[in-house]
Amino acid sequence: MAGLWVLNFAHPLTDSQQRTVEKLTGQRIEKILEFRCHFDHNRSFSEQARCLVEGATLTSAQWQSLPILVNPPSLAPIACLILAELHGRMGYFPPILRLRPSETIPPQYEVAEIINLQAIRDSARNRR
C-alpha cells in the first residue's frame, strides 16, 4: 500500500507535526507536495486555484487512488476553491489537517485533528 501523500498549501510541516499526522492516520508519510499559495487579488481566484492544483502533476489514476491528506491554506476562499478542484479530480472530499496554536513562546502550531470531510458530507446528506 502506498504511503500517505500530503498536499501542503500552508506553512511547511515540522517533524513533530509530521509524526503526529502519521500517528493519527496510522500511515507513514510517503511524500509531501508543497504549494506556494500567494494569489493575485486582481486575477480570478478560480483560475489560480486550478493552476495551483495542476502543479501537483498527478495522473487521473493517482488522483483517484493515492491516500491524500490536505493541509489547506488559511484564506477561506482559496481553501474552498482548492477543495472543489480536488473533489472534481478525486471524486470525493479529501481529509484535511487542522492545526492549532500551542501554548509556547515563540508561537508554534500543533496538529489538532484530521477532519474527514467526505464523512461529514455523507452525514449531511441525511439531513436534506
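The values are calculated or read from the model by the stated rules, or taken from the named source; none is laboratory data. The structure presented is a predicted model; accordingly, all values stated were derived computationally and were not measured. Positions of Cβ are generated from backbone atoms using ideal geometry, with glycine treated the same way; all protein chains shown enter the neighbour counts. For accessibility, only protein heavy atoms count, side chains too; no ligands or nucleic acids. Shrake-Rupley method; radii C 1.70, N 1.55, O 1.52, S 1.80 Å.
Candidates in segment 84-98 are the residues that are closer than 18 Å to H11 by Cβ and in contact with a helix residue (DSSP H, G or I) (Cβ under 7 Å, 6 or more places away or on another chain); of these, the one that is least open to solvent (accessible area, probe 1.4 Å) is L97. A count restricted to segment 55-78 and to residues that are of a type outside the set (A, V, I, L, M, F, W, C), under 22 Å from E22 (Cβ atoms) and open to solvent by 20 Å² or more (accessible area, probe 1.4 Å) stands at 4.
Going by the structure shown, is R43 among the charged types (D, E, K, R), modelled with pLDDT of 95 or more, part of a loop (DSSP other than H, G, I, E, B) and farther than 23 Å from G3 by Cβ? Taking the combined requirement at face value, the residue satisfies it. Residue pairs whose Cβ atoms lie under 6 Å apart, sitting 6 or more positions apart in sequence or on different chains, and linking a residue in segment 99-119 that is closer than 18 Å to A10 by Cβ to a partner that is surrounded by 14 or more Cβ atoms within 10 Å (Cβ to Cβ) and among the aromatic types (F, W, Y), are L99/Y109; P101/Y109; L117/F93.
Residues of segment 13-50 that are within 16 Å of P77 (Cβ to Cβ) and surrounded by 13 or more Cβ atoms within 10 Å (Cβ to Cβ): F35, C37, F39, F45, Q48, A49, R50.
The test for being surrounded by 12 or more Cβ atoms within 10 Å (Cβ to Cβ) and either touching a helix residue (DSSP H, G or I) at 6+ places or on another chain (Cβ under 8 Å) or closer than 15 Å to A10 by Cα (or both) holds for L81. Of note, L58 does not satisfy the criterion of being touching a strand residue (DSSP E or B) at 6+ places or on another chain (Cβ under 6 Å) and of a type outside the set (S, T, Y). In segment 100-122 there is at least one residue matching the filter, namely being assigned to a helix (DSSP H, G or I), polar (S, T, N, Q) and open to solvent by less than 70 Å² (accessible area, probe 1.4 Å).
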